[in-house]
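Novice: Once you've had a glance at the structure underneath, I'll fire off some questions.
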Amino acid sequence: MWVNHDWLDIFPARPDAAPEKLYPGPVTPETLDRIAAHACERYFSHPHYFRIGGLPYFSMYEAALDACPIPVFPNVSMGWNPGARTDPSLPWDLSADDPFSNVLRNNTPEAFENAIRRALDVVAPVAGETMVTINAWNEWTEGSYLEPDTVHGMA
């Protein structure tokens, strides 16, 4: 999955300082063409490459291609808590529009199942295939994981 945003130094995130940009993420159409050509040449022809309707699948997270007539597949997350990225010794304004203050709670197996069912209700089949993507199997520090744990066990 291609992520189309800057790579920032947010470990730890600080409310009193803008994060340093480690590497620019957004790409120009020309750069995207080079990325696509590389993917086509190196990966799409591999017999084990994932396909939908016989065509290679390529995904972009936070894509800047809103005007392109491309299918969209919903993404479901088990949860989200960016607290591990922050410095807990600093004061945070939780009322501010800040990406480090949002936490998805009640991330139970039942809530995740409900989210999957809702995503399947809205996704449109493409070439006879229906697909929902899942955000992370093992992002333990961000609260987005599907692996067994001590709270829910093997649920």
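Derivation of every value follows stated rules applied to the coordinates shown; laboratory data play no part. Here the structure is a predicted model, which is why all the values come from computation and not from measurement. No Cβ is skipped: glycine too gets one built from the backbone with ideal geometry, and neighbour counts run over all protein chains shown.
Novice: Relative contact order of the chain: what whole-number percent is it, with Cα pairs under 8 angstrom and at least 6 residues apart? Display every interim value, and only then the final one.
Specialist: Numbers: 186 pairs, mean separation 39.1, N = 155.
The value is 25 percent.
Novice: Starting with the fewest neighbours, write out 112, 50, 73 ranked by other beta-carbon atoms found within 10 Å of each beta-carbon.
Specialist: On the way: 112 19, 50 12, 73 16.
Ascending Cβ contact count within 10 Å gives the list 50, 73, 112.
Novice: A further question on this structure: Helix 109-122: angle to the longest alpha-carbon principal axis of the chain, degrees 0 to 90, nearest 10?
Specialist: Helix 109-122 and the main axis of the chain meet at about 40 degrees.
Novice: Still on this structure: Using the per-residue mean of other Cβ atoms lying within 10 Å as a proxy for protection, in what order, highest first, do the peptides 21-28, 140-147 fall? If you can, show how the numbers build up before the last one.
Specialist: Numbers: 21-28: 10.9, 140-147: 15.5.
So the order, starting with the most tightly packed, is 140-147, 21-28.
Novice: Springs between alpha-carbon atoms under 10 Å, Gaussian network over the chain: tell me which of 106, 75, 135 tops the mean-square fluctuations.
Specialist: In the Gaussian network model the winner is 106.
Novice: Can you match Rg/Rh (Cα atoms, Kirkwood Rh) to one of these, (i) 1.00; (ii) 0.95; (iii) 1.02, based on a calculation from the structure here?
Specialist: The value computed from this structure is option (i).
Novice: Compute the length gained on full extension between residue 137 and residue 50: take 0.36 nm times their separation in residues and subtract their Cα-Cα distance, giving the result in nm to one decimal.
Specialist: On the way: separation 87, 0.36 × 87 = 31.32 nm, distance 1.81 nm.
Fully extending the segment from residue 137 to residue 50 adds 29.5 nm.
Novice: Still on this structure, please answer the following. What is the helix-to-structure angle for 29-39, meaning the angle in degrees between its Cα long axis and the longest Cα principal axis of the chain, kept from 0 to 90 and rounded to the nearest 10?
Specialist: Tilt of helix 29-39: around 70 degrees.
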